[in-house]
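See below for the structure under consideration.
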């Protein structure tokens, strides 16, 4: 197998490792930082794959009960466009939706996501047409 193909497999494995970590109970800022460094150590890390990884990481981090301001800040500083991306699933929430639905999310995290991409406040989820601000109010009253 040539080096380029081998690096693509390593990159895809590293990306999946990042996503798995963001979904895990061990999720922490230090652990995330270590895995992001490993991801970027792979020679053929491209903008397209790293942008895709950032989107996935932010979505999964916003759903994790152990989410912190530090973990979201780290993802946004490493992958600046991640907050503005909808999920590729049918049910396309943006990270702000996911953060608002997560009972562990702090107001500082919500503010950070809004500061990074204020246009997310008017983003709708395709199922039910819910605006982020509506989701935030509903989450706060639960």
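A Förster radius of 25 Å, combined with the Cβ-Cβ distance separating residue 121 from residue 77, puts the computed FRET efficiency at roughly 0.70. Per-peptide packing, taken as the mean over residues of other Cβ atoms within 10 Å, places 20-27, 71-78 in the sequence 71-78, 20-27 from highest down.
FYI, it's all coordinate maths here, none of it is from the lab. This structure is a prediction, so every number in the text was calculated from the model and none was measured. Cβ sites come from the backbone with ideal geometry, for glycine too, and all protein chains shown count toward neighbours.
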